[in-house]
Amino acid sequence: MAEAAPATAFGQAVIGPPGSGKTTYCRGMSEFLRALGRRVAVVNLDPANEGLPYECAVDVGELVGLGDVMEALRLGPNGGLLYCMEYLEANLDWLRAKLAPLRGHYFLFDCPGQVELCTHHGALRSIFSQMAQWDLRLTAVHLVDSHYCTDPAKFISVLCTSLATMLHVELPHVNVLSKMDLIEHYGKLAFNLDYYTEVLDLSYLLDHLASDPFFSHYRQLNEKLVQLIEDYSLVSFIPLNIQDKDSIQRVLQAVDKANGYCFGVQEQRSLGAMMSAAMGADFHFSSTLGIQEKYQAPSELPAEQEAMQP
C-alpha cells in the first residue's frame, strides 16, 4: 500500500528590522492561536535571540551560535549573523529533521532582524524556498514599528524597504504596523491612520517634506521614490496592537487568506469560545458582532466565524 503523502503545513515567517516586535509578536500570536485550538510550534531562526519569552519547539542556536561565530571568525554582529544564516542554508537537513516530528502544527518562524537578509541577501530567501518544497506554506509577516508614521521621511524609507522585502522574499506577504498601543507617545500624526495603512496619495507627504529646508533640496529624489512605490502599488499595512484580540484577529485573517489556510481548514472552536478564552487581563474583549461591524461584511467572514452564522 502506498504511503500517504504528508499533510500540507502552514505558518508565518515573522520578519522585520530590529526592535519591531518580532519576538513579542510570536509570543502573542502563539497564545492567540492556541486559544483558537491550533497546535502551534514556534521556531527560533535568530541565533542572536537569548532568553526567549515563548516555548521554543526548535532553536537554531542548537546548530550555530552567533557568539561562537563572531569569536572564531572575528566577525561583527552583522557579518556573524549573515554567516549563521548561510550556515543554516548549507545544513537544511538539520532543520528538516527538527520540523518533521512537528508535522500537523502551525509554524511561527521568528526570523533575524538583519534588514539585508530580506532585501538583497539570498540565504533567508533560499531557506523559505526550500520549505515550500517540503509542502510548508508560509506567509511573510513583515513588522514595522508604527513610530515611523510620525516622520514623513522615515515613512517613505519604510515604504521602500517594505517594497524591496516583498519583491525579494518571494512569499505571500502581509505588512504590519506594530506597537500601535504606543503610537500616541511618538507624536501627532500628520494625517489619519488610514492614510498610512492604505498608503494613499503620497504627494501629500512630499508637500510635508518640502516645508523642511533640508528635504526641500531632495524633492526630485523623493518624487521618484514615491513614484516607484505607487507604480508597484503593492504596499499597505495592517495596524497591530498585540494586547488587543480584535487586532490580532484581523492580522490572522489576512495571513490565513494569504497562505491558503482559511480555504482548507476549519477551527475546532467557535470564535465565541476563542474570544472568551483566558489570555490575561490586558487583552481587550469584543463581541463577535462588534468584530463583524468594525472590520468586514458578514459575507467575508472566515471559516471560524461562518460556522456561527444562522
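The values are calculated or read from the model by the stated rules, or taken from the named source; none is laboratory data. Predicted, not measured: the structure shown is a model, and the values here were computed from it. With ideal geometry, Cβ positions are generated from the backbone for all residues, glycine too; neighbour counts draw on all protein chains shown. Protein only, heavy atoms only, side chains kept; ligands, DNA and RNA dropped before computing areas. Shrake-Rupley method; radii C 1.70, N 1.55, O 1.52, S 1.80 Å.
The table that follows gives values for the structure above.
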{"read-out": "Looking only at the stretch 138-167, and only at residues there that are assigned to a strand (DSSP E or B) and of a type in the set (V, I, T), the one that is surrounded by the most Cβ atoms within 10 Å (Cβ to Cβ)", "value": "V141"}
{"read-out": "Some residue of the stretch 107-117 being over 18 Å from the mean Cα position of the chain (by Cα) and surrounded by fewer than 16 Cβ atoms within 10 Å (Cβ to Cβ)", "value": "no"}
{"read-out": "Number of the condition not met by L73 [criteria: (1) open to solvent by 60 Å² or more (accessible area, probe 1.4 Å); (2) of a type in the set (A, V, I, L, M); (3) under 30 Å from A7 (Cβ atoms)]", "value": "(3)"}
{"read-out": "Long-range neighbours under 6 Å by Cβ, at least six apart or interchain, first residue farther than 20 Å from G11 by Cα within the stretch 42-67, second among the aromatic types (F, W, Y)", "value": "L63/W94; V64/Y87"}
{"read-out": "The stretch 188-237 - residue that is touching a Leu at 6+ places or on another chain (Cβ under 7 Å) and in contact (Cβ under 8 Å) with a residue 60 or more places away in the chain and, of those, surrounded by the fewest Cβ atoms within 10 Å (Cβ to Cβ)", "value": "Y232"}
{"read-out": "Qualifying residue in the stretch 47-56 (condition: of a type in the set (F, W, Y), within 21 Å of R137 (Cα to Cα) and in contact with a helix residue (DSSP H, G or I) (Cβ under 8 Å, 6 or more places away or on another chain))", "value": "no"}
{"read-out": "E55, sole failed condition from (1) more than 24 Å from A132 (Cβ to Cβ); (2) crowded, with 17+ Cβ neighbours inside 10 Å", "value": "(2)"}
{"read-out": "Flag for A90 being over 27 Å from T165 (Cα atoms), open to solvent by 10 Å² or more (accessible area, probe 1.4 Å), modelled with pLDDT of 95 or more and among the hydrophobic types (A, V, I, L, M, F, W, C)", "value": "no"}
{"read-out": "Residue in the stretch 182-199 that is closer than 24 Å to L52 by Cβ and in a strand (DSSP E or B) present", "value": "no"}
